[in-house]
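Colleague: Take a look at this one; I'll ask things after.
Any read-out appearing in this document is the output of simple, stated calculations on the displayed coordinates, not a laboratory observation. What you are looking at is a predicted structure, and each value in this text was computed from that prediction instead of being measured. Cβ sites come from the backbone with ideal geometry, for glycine too, and all protein chains shown count toward neighbours.
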Amino acid sequence: MKTEDRIQINGTWYVKEEEQPQTEPQDLIYTQQCLLELDDCMFEASRMYSDYNNEIFFKDTVDIKYTNKITKESDYWDNVTWIKGLFKGEKEALDEISNILNKSEIAQLKVFIGTLIENNWLDY
C-alpha cells in the first residue's frame, strides 16, 4: 500500500477509499398511466409503484392532469380525497372544478374517475 493512500487523523491511520460507481439505479419509483383523450381535452391519470411488476402501489398517489387541447392550458389534481369527492358530487369540489372545466368536461372527468375506481386505482 502506498503511503499516499493513507491519512492520519488525530493519531489514527485511515486508508483512502476509492468511490465505487453504482452498477444499478437505486430507489426507483415507477409510474403507470391511464389516458382519456377527447376532441377538445384530455385527462391523464398516473399512479406510482415501487416494484417493476406493478404489484406494490403507493397509497394515495393517483394524480390527474387535465389539458385543454385548444388553449393548451392545463391543470393538475393530486388530492385523492378531492378526486373522490368530485366523483361523489361534493359541492366544494364541483365549485372548484367549474372554474376550470365546462359541464361536458366535468361529466367526462367523472366517468373517467369512475373507471379508475372500478379498476382499483383509487382504492388499493
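Colleague: Among Asn79, Phe58, Ile106, which residue has its Cα positioned farthest towards the positive end of the charge dipole of the chain, with +1 placed on the Cβ of Lys and Arg, -1 on the Cβ of Asp and Glu, and the dipole taken about the Cα centre?
Modeller: It is Ile106, whose Cα lies furthest towards the positive end.
Colleague: In what sequence, highest mean first, do 90-101, 28-39 appear when ranked by Cβ atoms within 10 angstrom?
Modeller: Details: 90-101: 13.2, 28-39: 11.4.
Going from most to least packed, we get 90-101, 28-39.
Colleague: Okay, next question. How large is the dipole of the chain about the Cα centre if only Lys and Arg carry +1 and Asp and Glu carry -1, each at its Cβ, rounded to the nearest 20 debye?
Modeller: Computed charge dipole of the chain: roughly 180 debye.
Colleague: Report the extension gain between Glu118 and Asn68 in nm, rounded to one decimal, defined as 0.36 nm multiplied by the number of residues separating them, less their alpha carbon distance. Spell out each step's value before the answer.
Modeller: Numbers: separation 50, 0.36 × 50 = 18.00 nm, distance 2.53 nm.
This chain segment gains 15.5 nm when fully extended.
Colleague: Identify all aspartates and glutamates with a Cα-Cα distance to Lys16 below 15 Å; exclude those on the same chain that are fewer than 8 residues away in sequence.
Modeller: The qualifying aspartates and glutamates are Glu4, Asp5.
Colleague: Under a straight-distance cross-link criterion of Cα-Cα below 13 Å, which aspartates and glutamates are reachable from Lys84, leaving out those fewer than 8 residues away in the same chain?
Modeller: Within reach: Asp60, Asp63, Glu92, Glu118, Asp123.
Colleague: Restricting everything to alpha-carbon atoms, can you work out Rg to Rh for the stretch 28-118 with a Kirkwood hydrodynamic radius? The partial results should precede the final answer.
Modeller: Details: Rg = 13.5 Å, Rh = 13.8 Å.
The Rg/Rh ratio comes out at 0.98.
Colleague: Taking the Cα centre of the chain as the origin and placing charges on Cβ (Lys, Arg +1; Asp, Glu -1), which of Leu38, Ile117, Ile97 is farthest toward the positive end of the dipole?
Modeller: Ile97
Colleague: Using the Karplus curve 6.51 cos²θ - 1.76 cosθ + 1.60 with θ = phi - 60°, work out ³J(HN,Hα) for each residue of the stretch 78-84 in order, rounded to whole Hz, and write x for Gly and Pro.
Modeller: 10, 9, 4, 4, 5, 4, 5
Colleague: Once fully extended, how much extra length lies between Glu19 and Phe58, figured as 0.36 nm per residue of separation less the alpha-carbon to alpha-carbon distance? Please report the intermediate quantities before stating the final value.
Modeller: Working: separation 39, 0.36 × 39 = 14.04 nm, distance 3.26 nm.
Between Glu19 and Phe58, full extension yields 10.8 nm more.
Colleague: Another question, if that's okay. Which of the lysines could a cross-linker bridge to Lys88, judged by Cα under 27 Å and excluding same-chain residues fewer than eight apart?
Modeller: Straight-line reach from Lys88, under 27 Å: Lys59, Lys65, Lys69, Lys103, Lys110.
Colleague: For the Cα atoms of the chain, what angle does the longest principal axis make with the long axis of helix 103-118, in degrees from 0 to 90, nearest 10?
Modeller: With both axes taken from Cα atoms, the answer is about 50 degrees.
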